[in-house]
Amino acid sequence: MTLWFLSKHSQNVECVYWDFNKNNGHGGWDGDGCTMYNSTSEYTTCLCNHLTHFGVLLDISRTELDPLNKQILTIITYVGCGFSALFLGVTVLTYISFKKLRRDYPSQILINLSLALLGLNLVFLVNSWFSSWGVYSLCVAVACVLHYFLLASFTWMGLEAVNMYFALIKVFNSYVPSYIFKCCFLGWGIPLVICVLVLIVNRDAYGTHLYGNVQLSMKLLDNDENFCWLQDNVTFHMTVVAYGALVFLLNTVVFVVVLIQLRRMRVNSPVGIRSGLLHDLKRTASLTLLLGLTWTVGFFTWTPARMVLLYLFSGLNTLQGLFIFFFHCLMKDNVRKQWRIHLCIGRFRLEEYSDWSNSGSLAILAKARSNVPKVTIPSVRSVKSSSTASTSGSSDSSQRESSCRRPDLGLFMNAIALPRAQRSSERNLAPGSSDRSFGQYGDR
């Protein structure tokens, strides 16, 4: 049956019938046995398997945004996604182009997370355009790809949390063979399995609400409501809401544990190298964005502060790519150094081997000094000196070995750096001379 509207509308509709037994005999609308076949701004066609009193409900959520706020949120979303896509592309190109930046695990995981977010933003930006073509199979494909990149982004945020746990909490005996390969297998494989299962179980879950449950090859769509996405509520809540809630619950736990560990490191570090409040805020903000904790705001948009949370959710999440570029490109010294080496010209250009040549010359000078023959006098003092040197050398080697096993966390490991005097001595002296000088210092 087709029901014509007295005036044009651009809201969601639902085919229902009047159930006289609802509400203790007072009656009420019910959608069992009725599906929407077709809907435009002028009429709606319903398919029902029983004969009763029928109707069409408008604004079934009863939480529809007013046109002004809806337009503002749409502009914020599209502008934010555009900026994020641009800066995520710059971030990915930077880390892929410069080999020195992608040697450690955090950088490689950051590249994959940036790729997932880049795909999510790009597909979101072109979604309405593809939907306006009116091809049902194309709309299903776009909705499936958008679903895939959203789940991939959630998964890589979870893998960021796992990597932080291994790097800061479970430091020793945490070697995993083919670590990045396994992360890629999980980060890109789990979302693929979920999307394939959705296509197998219920392909009609993807599409637009204007298609309904009928598979049409060509369709004239209302341009105000074109968006290809999940249309089945059960599929949406199980594959998006529940999956995201599980990931963000894990990330929240890891976030709290990592902050506690970093706090302990700061308390136990020497007074001269303790970080200030600004550095702690920067570290916390970077952790929050990497773990995607801003997405948790979306779980509270049903509260009385719904409008404020919607603006906060749209602003933070659409600009996540911009924030990642800011904290992991502009704020990192090694990234800026690679930019100056390869991209700058004139007086802004930095020589690539300038630091290495200086450190190498100092090491050669220290080695030459350590090879000067000395007259040794057998005495108790000399024996004590050699034993002290050997003990310090063994402890130093064990420290070096343990430090090599410790994963690198990049931005978050600044709080546990060695004191300036000790770092300068270890950088400028050769291995043999550093042990000898430490032993002589112990004799004195």
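The values are calculated or read from the model by the stated rules, or taken from the named source; none is laboratory data. These figures come from a predicted structure and were not determined experimentally. Backbone-built Cβ (ideal geometry, glycine too); neighbour counts: all protein chains shown. Calculation scope for accessible area: heavy atoms of the full protein, side chains included, ligands and nucleic acids excluded. Shrake-Rupley method; radii C 1.70, N 1.55, O 1.52, S 1.80 Å.
A few notes on this one:
- A Cβ distance below 6 Å, combined with a sequence gap of six or more or placement on separate chains, defines the contacts here; from the stretch 180-205, residues that are in contact (Cβ under 8 Å) with a residue 60 or more places away in the chain reach residues that are part of a helix (DSSP H, G or I) and of a type in the set (S, T, N, Q) in the pairs Ile180/Gln108; Gly187/Asn112; Gly187/Thr155.
- Sole residue being assigned to a strand (DSSP E or B), open to solvent by 80 Å² or more (accessible area, probe 1.4 Å) and at pLDDT below 85, chosen from Trp29, Trp18: Trp29
- With respect to the conditions (1) in contact (Cβ under 8 Å) with a residue 12 or more places away in the chain; (2) open to solvent by 20 Å² or more (accessible area, probe 1.4 Å); (3) more than 17 Å from Leu319 (Cβ to Cβ), Phe83 falls short on a single one, namely (3).
- Some residue of the stretch 207-224 being open to solvent by less than 70 Å² (accessible area, probe 1.4 Å), within 27 Å of Gly321 (Cα to Cα) and either part of a loop (DSSP other than H, G, I, E, B) or modelled with pLDDT of 90 or more (or both): no
- Only residues that are exposed (fewer than 13 other Cβ atoms within 10 Å of the Cβ) and at pLDDT 65 or above were counted across the stretch 170-179, and they come to 5.
- Checked against (1) part of a strand (DSSP E or B); (2) open to solvent by 30 Å² or more (accessible area, probe 1.4 Å); (3) modelled with pLDDT of 75 or more, Cys46 passes all but a single condition, namely (2).
- Selected residue (criterion: farthest from Val196 (Cα to Cα)) from residues of the stretch 104-163 that are without any contact (Cβ under 8 Å) to a residue 40 or more places away in the chain and open to solvent by less than 40 Å² (accessible area, probe 1.4 Å): Ile111
- Residue within the stretch 161-169 that is in a helix (DSSP H, G or I), among the polar types (S, T, N, Q), at pLDDT 95 or above and under 18 Å from Phe248 (Cα atoms) present: no
- Residue check, Leu192 open to solvent by 60 Å² or more (accessible area, probe 1.4 Å), in a helix (DSSP H, G or I) and either of a type in the set (D, E, K, R) or farther than 20 Å from Phe248 by Cα (or both): no
- Leading residue by the ranking (modelled with the lowest pLDDT) among those in the stretch 32-43 that are open to solvent by 50 Å² or more (accessible area, probe 1.4 Å) and outside any loop (DSSP other than H, G, I, E, B): Tyr43
- Residues within the stretch 255-275 that are under 21 Å from Met331 (Cβ atoms), modelled with pLDDT under 70 and open to solvent by 40 Å² or more (accessible area, probe 1.4 Å), tallied: 1
- Across the stretch 254-269, a minimum of one residue is classified as outside any helix (DSSP H, G or I), hydroxyl-bearing (Ser, Thr, Tyr), over 22 Å from Thr294 (Cβ atoms) and in contact with a helix residue (DSSP H, G or I) (Cβ under 9 Å, 6 or more places away or on another chain).
- Being assigned to a helix (DSSP H, G or I), more than 22 Å from Met157 (Cβ to Cβ) and of a type in the set (A, V, I, L, M) is a condition met by at least one residue of the stretch 117-139.
- Residue list for the stretch 293-343, restricted to those being among the aliphatic types (A, V, I, L, M) and surrounded by 16 or more Cβ atoms within 10 Å (Cβ to Cβ): Leu293, Val297, Leu309, Leu310, Leu312, Leu316, Leu319, Leu322, Ile324, Val335, Ile341
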